[in-house]
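Working notes, structure below.
Read-outs: derived from the displayed coordinates by stated rules, not from any lab. These numbers were taken from a predicted model, which means no experiment stands behind them. Every residue, glycine among them, receives a Cβ derived from its backbone with ideal geometry; neighbour counts consider all protein chains shown.
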């Protein structure tokens, strides 16, 4: 097991040496941002129409906390696709949580 973890860590370090400004890196940032962007209709429905029926505070709160954890992981490992999408996810998820508090 220790040998596997060493190999995984070494592979991760080797991958870090690859060019970060490649087309693949930009594509990952784009696709990582799609998740938070797809949450915007839920934010609009809950904040603009004040309709939070069927929304779970526990679920949206868990999404919000998980986004913060992933953002921390992305910062620690210097992975822009992870921390950009996680911060965006945190913001939209937090807006839904605020709407649930306000209109429930």
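Laid out as a table, the results:
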item	result
Rough spin-label spacing in nm, given labels placed 7 Å along Cα→Cβ, for residue 76 and residue 31	2.5
Cα-projected label distance for residue 23 with residue 40, points at 7 Å along beta-carbon direction, nm	2.6
Estimated inter-spin distance, residue 50 and residue 98, nm [label 7 Å along Cα→Cβ]	1.7
Volume per residue of the C-alpha convex hull in the range 22-103, rounded to whole Å³	71
